[in-house]
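No lab work stands behind these numbers, since they all come straight from the coordinates. For clarity, every value in this text was computed on a predicted model and none was experimentally measured. So basically every Cβ, Gly included, is an ideal-geometry build from the backbone, and we count neighbours across all protein chains shown.
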Amino acid sequence: MSTLYIAAGSVPDAIKAPSVDLTAVMPVLIVLGAACVAVVLEAVLPRAQRYVSQLTLAVVAIVGAGVWTVVEGSRHRYAVTFSGAIAVDGGTYVMWGVLLALALASVLLMADRVSEPGGAFAAQASIRVGSARDRTQTAVALPMQTEVFPLTLFAIGGMLVFPASSDLLTLFVSLEVLSLPLYLLCGLARRRRLISQEAAVKYFLLGAFTSAILLYGITLIYGYAGSIKFSAIAAKASAGGTSDLLLLVGIGLLVVGLLFKGSVGPFHLWTPDVYQGAPTPVTAFMAACTKVAAFAAMVRVFQVAIGPMAWSWRPVLWVVAIASMLIGAILGITQTDMKRVLAYSSVAHAGFILLGVMAISQNGASGTMFYLLTYGFATVGSFAIFTLVRKGDGEASNLSDWAGLAKRSPLMAACMSLFLLSFAGIPLTSGFIGKLSVFSAATEAGMGPLVVVAMIATAITAFFYLRVVVLMYFSAPVSGSLDPDAAVTTEPFVVVPGTLTGIVIGLSVAVTLVLGIFPQPFLDGLQVPWPLLS
């Protein structure tokens with residue numbers, strides 16, 4: 001056996017250890033480290049002790065990562081680390097702050113065990129649907145499925161890396177890290193198990209197919225540029241001199257993968273079914289946090305990697321944005337299920353947010369993040385209220401069940417109305433300022449006709465938002481009867497929120513009002529160079 005000896009000082013550059021700045025990525029390490037500890041706790045702790053331990057660990061990790069982000073971001077400590085794979089700049093800190101704030105609210109909503117005694121998650125997700133054990137776990141408030149906490153932390157860790165990626169391989173790996181836990185979480189609903197498992201399978205299959213498309217696009221771009229780094233791809237595209245066919249096809253496939261994760265129409269086909277079937281807290285988590293990660297990643301990719309090719313992809317995204325806005329607005333009107341209404345609302349809002357991404361400017365990037373912040377809190381708050389409106393032994397998902405909600409619970413009806421008005425972009429709500437910031441950036445970038453279409457779509461979406469408000473305040477409550485077999489009433493009712501859900505709703509209301517009335521400090525805080533480094 002031969003041995004290869006390398007003299008000191010003669011180590012080739014190709015095998016030198018990469019430069020690593022762990023301090024720069026500490027929020028990611030905190031969250032992923034807590035996720036690993038949570039897995040160990042799940043294995044060694046008695047079931048009765050897991051809930052408090054897992055919830056405490058998750059909250060401490062998210063808050064700790066958030067505090068680190070704020071402190072380091074205020075110091076303007078920027079770095080490119082892991083051999084240029086991750087860029088921590090002003091935009092990264094903004095994204096991390098927005099994402100962690102929404103993640104904290106989502107985790108608190110997941111942990112609530114009051115509106116659904118025992119929690120919204122199946123105590124044993126692997127048992128056969130319809131079996132005696134399945135009926136027992138549905139009827140009896142068994143200890144909560146605490147595996148959701150490490151899964152959520154792993155997903156958050158992937159979301160943190162996704163928009164901080166500075167090369168295509170890191171982008172793909174982080175996408176898989178954030179997606180795989182979500183596939184599992186979608187199938188853990190305690191009630192309506194079949195539709196929950198169907199949602200998980202549908203999300204997994206479509207997600208796997210889209211990941212393959214994205215990976216093929218990465219391969220073509222690498223074949224064109226000879227590198228997976230964003231800066232090298234941009235330099236090669238700017239230099240020109242060769243056929244752009246590989247690059248154009250690769251950009252198209254790459255963008256499809258990103259648009260799928262952001263629920264942008266017409267790549268939204270998974271969204272209504274998955275939103276409807278997944279446990280409501282998981283739906284809130286996906287609708288808020290996944291959208292932040294996806295669009296923040298688009299900002300970095302479009303500005304750094306393929307910015308020089310804007311002439312090629314921007315006209316296509318015009319069509320995509322118009323399709324997303326109109327699909328969400330028009331199909332949302334036809335829905336009778338509250339979760340599907342919010343799903344198509346998400347598709348429409350994805351089209352609005354895409355305007356800020358396409359602007360490729362400082363105002364476009366900051367406006368996009370402000371929009372994501374306002375939309376995220378309104379979304380989490382609306383799904384939190386959805387968990388409180390119940391019928392029989394489950395959630396009241398049909399729109400008719402929300403008739404007369406103001407008579408049953410004036411406070412919850414008022415909070416839900418605030419969130420719906422924010423979605424519609426009514427003044428004095430955060431949604432109005434979010435739309436204004438994104439539309440202004442798009443207008444500055446010469447996309448005036450697209451803004452006109454967006455305003456028309458906004459008017460259409462306002463119809464089904466206001467329809468829910470009219471149902472809650474001006475329609476008679478639905479009368480019900482007692483089901484003797486199940487010993488429950490079929491009349492919709494509103495449960496008193498638990499402490500955690502109350503905190504989520506209160507925080508969402510406060511953010512929606514404060515960002516709508518006093519938005520300037522937050523808009524100024526988001527005005528950071530994005531992206532500063534690549």
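List of remarks:
- Inter-label distance, nm, simple model (7 Å from Cα along the C-beta direction), V60/L428: 4.3 nm
- Taking 17 Å as the cut-off, the amide N atoms of region 85-101 that come nearer than this to a point 7 Å along the Cα-to-beta-carbon line of V67 belong to 97, 100-101.
- For the pair A235 and E491, label points projected 7 Å from Cα toward Cβ lie 7.2 nm apart.
- Computed from the C-beta positions of D21 and Q362, the FRET efficiency with R₀ = 35 Å rounds to 0.85.
- Relative contact order for the chain, counting Cα pairs under 8 Å that sit 6 or more residues apart, in percent: 16 percent
- Here the calculated FRET efficiency for E444 and L169, from their Cβ-Cβ distance with R0 = 41 Å, stands at 0.75, rounded to the nearest 0.05.
- The chain, helix-only ellipticity at 222 nm - DSSP H runs n ≥ 4, -39,500 (n - 2.57), divided by all residues, nearest 500: -22000 deg cm²/dmol
- C-alpha center-to-center spacing [region 330-345, region 31-54] in angstrom: 37 Å
- Linear extension gain, R75 paired with D393, 0.36 nm per residue minus alpha-carbon span: 109.4 nm
- Restriction of the trypsin sites (Lys or Arg not before Pro) in region 27-114 to DSSP coil positions whose beta-carbon has at most 12 other beta-carbons within 10 angstrom yields R75.
- Estimated at 0.36 nm per residue, the fully extended path between V319 and T334 surpasses their Cα-Cα distance by 3.1 nm.
- Inter-label distance for E176 and I460, nm, one decimal - labels placed 7 Å from Cα along Cα-to-Cβ: 3.8 nm
- At R0 = 30 Å, FRET efficiency that the Cβ-Cβ distance of K407 and A48 yields, to 0.05: 0.15
- Residue pairs, from the table K236/K291; K291/K339; K229/K291; K202/K391; K202/K339; K339/K391, whose Cα atoms sit over 20 Å apart: K236/K291; K229/K291; K202/K391
- Part-to-part distance (alpha-carbon centres) for region 83-108 and region 231-300, which is given in Å: 17 Å
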